[in-house]
Amino acid sequence: MLAPFGERLAAYVIDGAILGAVAAIYTIPLIIYVTAQAIALSGPDGTANPDAAPGFIASIFISVGATFVLGLVISYLYHVEFVLRSGQTPGKRFMKLHIIRLGTQPGQAISRADAAKRWGATIGLGLVPFANYLDGLWQLWDKPWQQCLHDKAASTTVVKVSPVSSTARPGGVFQ
């Protein structure tokens with residue numbers, strides 16, 4: 001049975017909450033560091049020190065860039081590695097959903113390339129204003145597989161499965 005829109009959306013929200021919590025772990029210390037640096041570089045009256053501004057601005061750009069790259073790496077590991085191991089992210093597992101390649105059965109793993117295509121399409125569409133909404137809503141009118149755009153990029157779809165078939169593949173996770 002193809003996964004209903006509401007259940008896919010719930011899985012997406014769960015995964016977003018998990019990734020948001022992880023992002024907070026490394027972003028909050030960065031915000032504290034940048035704020036402390038700004039306070040330390042200001043004059044006694046609270047005004048900015050013009051001599052320190054270029055170095056401070058450079059450190060902000062480096063910090064934001066590093067945070068962005070770290071976020072991409074964590075997102076890739078989350079969305080690709082979980083799918084490789086069990087065909088599910090934690091949100092999909094909670095909702096009893098499974099990602100399959102078209103023409104295969106639940107329980108059969110999709111390839112790393114397929115998982116990376118799904119992730120890459122999601123990231124790419126997220127860079128275009130409003131395209132991420134179109135990506136998620138696409139399944140509402142797509143027939144017959146109810147695919148989102150990122151599913152189409154990897155020839156995958158999401159199905160509802162019983163709790164028994166939502167476990168990792170037998171014989172180990174790296175087969």
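Only one of the listed residues (ASP51, ASP15) is of a type in the set (Asp, Glu) and within 18 Å of the chain's Cα centre (by Cα). That residue is ASP15.
Each residue in the stretch 122-141 was checked for being surrounded by fewer than 17 Cβ atoms within 10 Å (Cβ to Cβ), small (Gly, Ala, Ser) and touching a residue at least 24 places away in the same chain (Cβ under 8 Å), and 0 of them qualify. You will find that of ALA53, ALA21, the residue that is exposed (fewer than 15 other Cβ atoms within 10 Å of the Cβ) and in contact with a helix residue (DSSP H, G or I) (Cβ under 9 Å, 6 or more places away or on another chain) is ALA53 and no other.
Note on the stretch 66-89: residues that are within 18 Å of GLY107 (Cβ to Cβ), of a type outside the set (D, E, K, R) and either part of a helix (DSSP H, G or I) or without any contact (Cβ under 8 Å) to a residue 12 or more places away in the chain (or both) amount to 4.
If you go through the stretch 127-147 and keep only what is part of a helix (DSSP H, G or I) and not aromatic (Phe, Trp, Tyr), you end up with ALA131, ASN132, LEU134, ASP135, GLY136, LEU137, GLN139, LEU140.
Of all residues in the stretch 44-65, those being of a type outside the set (Ser, Thr, Tyr) and assigned to a helix (DSSP H, G or I) number 11. Here is a check on your reading of the model: is ASP15 among the acidic types (Asp, Glu), modelled with pLDDT of 95 or more and either farther than 27 Å from VAL161 by Cα or in a helix (DSSP H, G or I) (or both)? Answer is yes for this residue. What about VAL34, is it among the β-branched types (Val, Ile, Thr), without any contact (Cβ under 8 Å) to a residue 60 or more places away in the chain and either touching a helix residue (DSSP H, G or I) at 6+ places or on another chain (Cβ under 9 Å) or within 25 Å of LEU140 (Cβ to Cβ) (or both)? Considered against the rule, which asks whether it is among the β-branched types (Val, Ile, Thr), without any contact (Cβ under 8 Å) to a residue 60 or more places away in the chain and either touching a helix residue (DSSP H, G or I) at 6+ places or on another chain (Cβ under 9 Å) or within 25 Å of LEU140 (Cβ to Cβ) (or both), VAL34 comes out as yes. Number of residues in the stretch 101-121 that are crowded, with 18+ Cβ neighbours inside 10 Å and of a type in the set (Val, Ile, Thr): the value is 1.
I'd like the residue in the stretch 90-100 that is in a helix (DSSP H, G or I) and charged (D, E, K, R) and, out of all such residues, is surrounded by the most Cβ atoms within 10 Å (Cβ to Cβ). Checking each candidate, the answer is LYS92.
The values are calculated or read from the model by the stated rules, or taken from the named source; none is laboratory data. Values in this document were obtained by computation on a predicted structure and should not be read as measured data. Heads up, the Cβs are rebuilt from the backbone with ideal geometry, glycines too, and the neighbour counts pull from every protein chain shown.
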